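The values are calculated or read from the model by the stated rules, or taken from the named source; none is laboratory data. This is a predicted model, so every value here is computed, not measured. Cβ coordinates were reconstructed from backbone atoms using ideal geometry, including for glycine residues, and neighbour counts include every protein chain displayed.
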Amino acid sequence: MAKMATREERKQAKSLKGWIKPLKWVLGIASASALVVAVVFAGIWVFSINTDNVFPINRLEVFEQQFTSADEVKVAMKSIDDRGFFTMDMKTAEEIFVALPWVKSVRLRKVWPDTLQVTVDEYEPLAYWGLNGVVSVEGKVFYPDQLPDMNWVKLQGPDEMAKDLTVLLQTYQEQLLKKSLFIEGMQLSERGAISLTLNDGLVVQLGKVHVEERIERLLNHIDVLKTHKSDALAYVDLRYQNGFAAKWFSNTTPLENGGGNR
């Protein structure tokens, strides 16, 4: 004989039945919403729907740049045709940013809902290059729209020789430090001859061969040359086999010491 439900049990059953209908309604809405979201994202990634006007990147954050201007990054960003949060090609964007003069590499990161973060790794400058360029420590030559006003060495020569000249600059500077002499400019002529301008205005002609030996010759005589006259030393030509020619700001006739071909 079946046991009849107590009044308390009938009350609990009725309460549970009352929750089932609203719960079904909530689950139905959630399922429908999930389906819509899935369809939208499937359209974005699979069919490449242009969402530039729906989910555009409106905010640009740039980090760690020193010489790259905000305007340059902004113009580069505007040159990207598709700037949708989901559809923008990150590789294409990276190539466009790296094409900026100072930029060696970039790291890009999207931040929902409308931000692109750009972390910039710039070339480390070593010297000015010619009238309008900069050469990096790796020997990379580039030409910014505006040159920074810095106390850098001035290098000049063919672009293809930039890497070699950066190495020579550092080698010669190390030698000259023995007498606390600093290179302000270095020039490689079309014929391959090297000349230096030191920070006190002294011009040193080194020629094409035995350059490091000629710098040692300069170091051996520089103290005597600087005290030879009260006026400042203006010019030393070391393109002689065993000697040199010197000139002071006060005289027009150079002093020659030694001989041989240049």
>> Name the single residue that is nearest to Val204 (Cα to Cα) among those in the range 130-173 being hydroxyl-bearing (Ser, Thr, Tyr) and buried (at least 16 other Cβ atoms within 10 Å of the Cβ).
In response: Tyr172
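Looking at the structure I just gave you, is Leu165 closer than 21 Å to Glu212 by Cα and outside any helix (DSSP H, G or I)? Before you say what the answer is, go through the steps one by one.
Numbers: closer than 21 Å to Glu212 by Cα: yes; outside any helix (DSSP H, G or I): no.
Spelling it out, it is not the case that Leu165 is closer than 21 Å to Glu212 by Cα and outside any helix (DSSP H, G or I).
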> Do you know which residues across the range 203-233 are outside any helix (DSSP H, G or I), modelled with pLDDT of 95 or more and hydrophobic (A, V, I, L, M, F, W, C)?
Replying inline: Val203, Val204, Leu206
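Please go through the range 115-129 and give me each residue that is surrounded by fewer than 16 Cβ atoms within 10 Å (Cβ to Cβ) and within 13 Å of Thr166 (Cβ to Cβ), ordered by number. Talk me through it step by step, then tell me what you get.
Here is the first cut: in the range 115-129, the residues surrounded by fewer than 16 Cβ atoms within 10 Å (Cβ to Cβ) are 115, 117, 119, 121, 124.
Passing the criteria: only Glu124.
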>> Cβ contacts < 7 Å: first residue under 16 Å from Glu212 (Cβ atoms), restricted to the range 181-199; second residue surrounded by fewer than 16 Cβ atoms within 10 Å (Cβ to Cβ) and modelled with pLDDT under 95, any location; separation 6+ or different chain. Result?
In response: Leu188/Met161; Gly192/Lys208; Ala193/Lys208
>> Condition first: among the acidic types (Asp, Glu) and at pLDDT 95 or above. Now tell me which residues in the range 165-202 satisfy that.
In response: Glu174, Glu184
> What number of residues within the range 168-202 are more than 16 Å from Ile222 (Cα to Cα), among the charged types (D, E, K, R) and part of a loop (DSSP other than H, G, I, E, B)?
Replying inline: 2
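So that you can scan it fast, the table gives a plain yes or no per residue for (1) at pLDDT 90 or above; (2) farther than 25 Å from Val103 by Cβ:
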| position | (1), (2) |
| --- | --- |
| Ala42 | no, yes |
| Asn53 | no, yes |
| Glu64 | no, no |
| Ala70 | no, no |
| Lys78 | yes, no |
